[in-house]
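Worksheet: one structure, shown below.
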Amino acid sequence: MLAGLKEVLMQATRDKRAIAAFNVPNLEMVKAAIQAAEELDVPVILQHAEGHNSLISLEEIGPIMMDYAKRSKVPVVVHLDHGKSLKAIITAIKIGFTSVMIDASDKPFEENILLTKEIVKIAHSSGVDVEAELGHVFTSSLGGGEGREPDDDLIGMNDDIYTDPELAKSFVEQTGVDCLAVAFGTVHGIYLKEPRLDLERVRQIQQKVEIPLVMHGGSGVSKEDYHVAISNGIAKINYYTYANQNGARAIRQAFEKDTKGEYFLENYLAEVTGALKEDYCKALKIFSE
Ligand code: 13P
């Protein structure tokens, strides 16, 4: 069944667990995410990043996400991830998404506030919840995007990259957002070195704001770090890259198994869906423990 982001995250906070938010830019990922959540009987967030429009457009995958969510036995939030343009945000709301992210984290603080406030006004008037980002979560050079990892030296420092707890308080009060993505050392994409997270910062932010916090760059974080992050206030974990890689590895294994050389595409795609489901189940279990 279709669910709202705020209600699902508030419940997760009370249960001291996090809800997985899987980016699903193809049908195999949509199916596997729903199957995994149903098997474990937990809520899940299906999300489409505006930046993934190059893989499949929001107009194509959005209605499919909505259809699977409505038919699911578990609560499913359908969310726009990293909304950068008003057009994408309006399109997601029109398709029926229950929440949107406005990502103005690359803008100066005051501009981020103004843009976020505007989106909150539009989205809330349609009953749609809003995630925003303060601080900046980088993208690994192996994962594409901005192409640099944060410097180890920056960890523990109050600067534009890592979310400042005082600024977070002011941002949340001024914008009225429903949840906040915070920067504390995670990176989108593949880690080039072991992540060193400033988990204490998450706790400090949580003490200043009353809304659930979001971890971006959820791939490659250790089980221990996930658990500390959750107990410090993270209620939504965005997870994509490692599932994506595991799906690709399944194709390679399917080739090796296909000794007769039949090469039926449906068999390969079934292997991909199975591998994705296994990976999603693992993540859902860790985030719910
Ligand atoms: P990963 O690709 O690092 O798992 O991060 C996903 C994400 O944060 C999407 O917004």
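No value in this document is a laboratory result; all are computed from the given coordinates. Small disclaimer: the values here were computed from a predicted structure and weren't measured. Using ideal geometry, Cβ is built from the backbone for each residue, glycine included, and neighbour counts are taken over all protein chains shown.
Could you tell me which helices of the chain pass both thresholds, a Cα extent of 18 Å or more along their own axis and a mean Kyte-Doolittle hydropathy of at least 0.5, with helices taken as whole DSSP H runs?
Helices meeting the criterion: 27-40.
Please list the three semi-axes, largest first and in whole Å, of the ellipsoid equivalent to segment 169-289, using sqrt of 5 times the eigenvalues of its alpha carbon gyration tensor.
For segment 169-289, the ellipsoid semi-axes come out as 37, 14, 12 Å.
So what is the 222 nm mean residue ellipticity for the chain from helices alone, if each DSSP H run of at least 4 adds -39500 (n - 2.57) and you divide by all residues, rounding to the nearest 500 deg cm²/dmol?
It comes out at -15000 deg cm²/dmol, rounded to the nearest 500.
Counting each pair of different Cα atoms once, what's the Kirkwood radius of the chain in Å, rounded to one decimal?
19.0 Å
Take the cross-link list LYS121/LYS282; LYS260/LYS282; LYS236/LYS277; LYS73/LYS193; LYS70/LYS282; LYS31/LYS285 and give me the ones stretching past 29 Å between alpha-carbons.
LYS121/LYS282; LYS260/LYS282; LYS73/LYS193
Residues in segment 263-277 near a label at ARG252, defined as backbone nitrogen under 19 Å from the 7 Å Cα→Cβ point?
Counting only backbone N, you get 268-277.
Please grab the % of Cα pairs in segment 1-95 that end up more than 23 Å from each other.
20 percent
Compute the label zone of TYR263 within segment 7-36: residues whose backbone N is under 16 Å from the point 7 Å along Cα-to-Cβ.
No residue passes the distance filter.
For LEU2 paired with LYS107, estimate the spin-label separation in nm (one decimal), with each label point 7 Å from Cα along the Cα-to-Cβ line.
Result: 2.8 nm between the two label points.
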